[in-house]
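The values are calculated or read from the model by the stated rules, or taken from the named source; none is laboratory data. Here the structure is a predicted model, which means the values were calculated and not measured. Because the Cβ atoms are built from the backbone with ideal geometry, glycine has one as well, and the counts that use them run over all protein chains shown. In case anyone asks, the SASA skips ligands and DNA or RNA and just uses the protein heavy atoms, side chains included. Shrake-Rupley method; radii C 1.70, N 1.55, O 1.52, S 1.80 Å.
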Amino acid sequence: MTTTTTTGHGHRRGRFDVWAPRPERVRLLVAGETVPMRRGDDDWWTPDGPVPEGAQEGEVDYGYLLDDDPDPRPDPRSRRQPDGVHGLSRTYDPSAFAWTDDSWTGRQLAGSVVYEMHVGTFTPEGTLDAALGRLDHLVDLGVDLVEVMPVNAFNGTHNWGYDGVAWFAVAESYGGPEAYQRFVDGCHAAGLGVIQDVVHNHLGPSGNYLPLYAPYLKDGRNTWGDLVNLDGEGSAEVRRYILDNVAMWLRDHHVDGLRLDAVHALSDDSEVHLLEEMAVEVAALSAHQRRPLTLIAESDLNDPVMIRPREAGGRGLDAQWSDDYHHAVHVALSGETTGYYADFEPLTALKKVVEQGFFHDGTHSSFRGRDHGVPIDTDHTATWRLVVANQNHDQVGNRAVGDRLSDPAPGHLDDDQLGCAAMLTLLGPFTPMLFQGEEWAASTPFQFFTSHPEPDLGTATAEGRIAEFEQMGWDPAVVPDPQDPATFERSKLDWSELGHGRHARLLELYRTLGRLRREWPELTDPSFAATRCEVDETARLVVLHRGRLQVVLNLGETPLEVHTGPGQVLAATASGAELDAQGLLVLPGHAGTVVRA
């Protein structure tokens, strides 16, 4: 095992070196022995004496004693936390893994289908190794990139992953770092790229020892916690910490891209924003590795500055989520108009997001009580730079009971409507992302679950969720307890559903749509000008014009006769009838084509 590590720009650090400007004394506890450390001019500490024999090789447990604190603290850059985020760190050498993906050349985002997965609920076992056994399903579905919700170490046994505190360690409950490498290697062998969801805008509420070492945080809070110090005193090393974490996933774990959580919560007034610096370094790494490396932002700003090239004054990221697309599709099909859905009630909202990417592009948002968003330059922006979904972990899991569009309860979508949602997402102009189980109309919910060992923290989390739901106008009385293990168990996918009934029909539709995306170049044309949308509010009719193709969707309850022009017609209904030919009709185009229930 190597005895040094490389941080950004080639800086070489010893195996047990640690950046810690705050304490006056630091001692290394390794293999049960205490070793003094000396401070360098740059506030990096290094062992000031020999470490126990064998500690520089193989795996060994270690931690740091800060000043007179009797309890050892984990390494801020720990690669493993076998006893949880409060325990000792364990060394791990990522270069020891026997990769088999030498011929892997990557997957570009343009033209791809993304699949969002939560490791803990994707299989009954809830591990990375178990997820490997389901990759054939994703390949058959037409998936190109698997987006994995956060896997870095968190306190407890299960949660969504956004409460992580050890950003360099893979959660042991999922299998740890070697299991993660096996997963990525297996995905590449199956022809699938991997997008890892990472959180750099806050740290979880339990196990965050970083402030004991250095000014990782600054004054102020965002929605989820204290602000990360990106522009204050000591911020250069904090930024380096984040950039090195980015490089770890892409370099050491062979990941193909990152989904950057809530970038609007990154408070950075530096001359060069962290995201731009990240884009520069990832582009350099991509050039060196000769494979595409993708950065996708989750941004609530509706501002194309995220995806505008650096040469044009933008951040230079590859893509960003468009929640407006989800809201427009959701309202068009469900009729739900509470909370932030209110502005999306008319079908013209769907038309606008299809043709312009955002609905709120400087318009008034009634939910926010102010104008919101910036227009996209549709003449010079590729449509694939917007990642869209009709369901995702946020839009399902942040509902009061975590109910999916396919929930069998009254008021949810029937099979025809689910088919329309699938067609709008997979046959529309943007990069489609599917949420695990969506493709077979999974009956299981995806609820918000936590496993905080601290009772007070669990109670505070539950009360915070209830307050959020009240703002959306939902009944707080029906909210499941996030700390109840049953909430987590209910959210696991039921793979026995795939082979029968509505589940089999919807799955065949999704597979067909995935195949059509590969067969018809019109469906991956990156130009905004290549897509036009017509809507009829009274008839509840939507027609997407995609080159030679017309995607015709009847979102109303009345059968319609629709006359189309020459070309190919892809048609679906939402009239309450069963899906015809698994919900998809591929018809020879001619005047007088009838779309019927």
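Here M248 qualifies as within 23 Å of D185 (Cα to Cα) and modelled with pLDDT of 95 or more. Of all residues in the stretch 347-369, those being part of a loop (DSSP other than H, G, I, E, B), more than 12 Å from L386 (Cβ to Cβ) and not hydrophobic (A, V, I, L, M, F, W, C) number 6.
Of the residues E311, E237, the single one that is assigned to a helix (DSSP H, G or I) and in contact with a strand residue (DSSP E or B) (Cβ under 9 Å, 6 or more places away or on another chain) is E237.
Between G133, G63, G111, G84, the distinction of being open to solvent by 20 Å² or more (accessible area, probe 1.4 Å), within 29 Å of P205 (Cα to Cα) and of a type in the set (G, A, S) belongs to G84 only. Of the candidates V396, V387, the single residue that is under 22 Å from F359 (Cα atoms), out of contact with any Lys or Arg (no Cβ under 7 Å at 6 or more places or on another chain) and open to solvent by less than 20 Å² (accessible area, probe 1.4 Å) is V387.
Results for (1) in contact (Cβ under 8 Å) with a residue 24 or more places away in the chain; (2) within 19 Å of L274 (Cα to Cα); (3) under 23 Å from the mean Cα position of the chain (by Cα), shown as yes or no for each residue.
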site	(1), (2), (3)
H188	yes, no, yes
V198	yes, yes, yes
S206	yes, no, yes
Y209	yes, no, no
L230	yes, yes, yes
N245	yes, yes, yes
W249	yes, yes, yes
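Out of the residues in the stretch 217-252 that are open to solvent by less than 40 Å² (accessible area, probe 1.4 Å) and of a type in the set (D, E), state the one that is farthest from A166 (Cα to Cα). Among them, the one singled out is D252. A residue that is of a type in the set (D, E, K, R) and either free of Cβ contacts under 8 Å to residues at least 12 places away in the same chain or touching a helix residue (DSSP H, G or I) at 6+ places or on another chain (Cβ under 7 Å) (or both) cannot be found anywhere in the stretch 383-393. Only helices (runs of 4 or more DSSP H) whose full extent lies in the stretch 96-182 are considered here, and the ones with at least 1 residues that are of a type in the set (S, T, Y) and over 20 Å from G257 (Cα atoms) are 119-122. Against the conditions (1) over 28 Å from A20 (Cβ atoms); (2) out of contact with any helix residue (DSSP H, G or I) (no Cβ under 9 Å at 6 or more places or on another chain); (3) not basic (K, R), Y213 satisfies every one except (1).
Given the residues R221, R239, which is the only one that is of a type in the set (D, E, K, R) and at pLDDT 95 or above?
Every option except R239 fails the conditions.
Take the residues in the stretch 253-281 that are of a type in the set (V, I, T) and in contact with a helix residue (DSSP H, G or I) (Cβ under 7 Å, 6 or more places away or on another chain); name whichever of them is nearest to G164 (Cα to Cα).
Residues of the stretch 253-281 that are of a type in the set (V, I, T), as a first pass: 255, 263, 272, 280.
Now restrict to residues that are in contact with a helix residue (DSSP H, G or I) (Cβ under 7 Å, 6 or more places away or on another chain): 255, 263.
Numbers: V255: 19, V263: 16 Å.
It comes out as V263.
Of all residues in the stretch 308-320, those that are under 17 Å from the mean Cα position of the chain (by Cα) and open to solvent by less than 10 Å² (accessible area, probe 1.4 Å) total 3. Across the stretch 548-569, what is the total count of residues that are under 18 Å from K351 (Cβ atoms) and at pLDDT 75 or above? Counting residues in the stretch 548-569 that are under 18 Å from K351 (Cβ atoms) and at pLDDT 75 or above gives 8.
Taking each residue of the stretch 516-537 that is modelled with pLDDT of 95 or more and looking for partners that are hydroxyl-bearing (S, T, Y) with beta-carbon atoms closer than 6 Å, six or more apart or interchain, yields P526/T383; F528/T378; F528/T383.
Of the set (1) closer than 30 Å to L570 by Cα; (2) exposed (fewer than 13 other Cβ atoms within 10 Å of the Cβ); (3) touching a residue at least 40 places away in the same chain (Cβ under 8 Å), all apply to G499 but (3). Of the residues screened, P215 is one that is more than 26 Å from G193 (Cβ to Cβ) and not in a helix (DSSP H, G or I). Number of residues in the stretch 12-58 that are open to solvent by 30 Å² or more (accessible area, probe 1.4 Å), more than 23 Å from L217 (Cβ to Cβ) and not in a loop (DSSP other than H, G, I, E, B): the value is 8.
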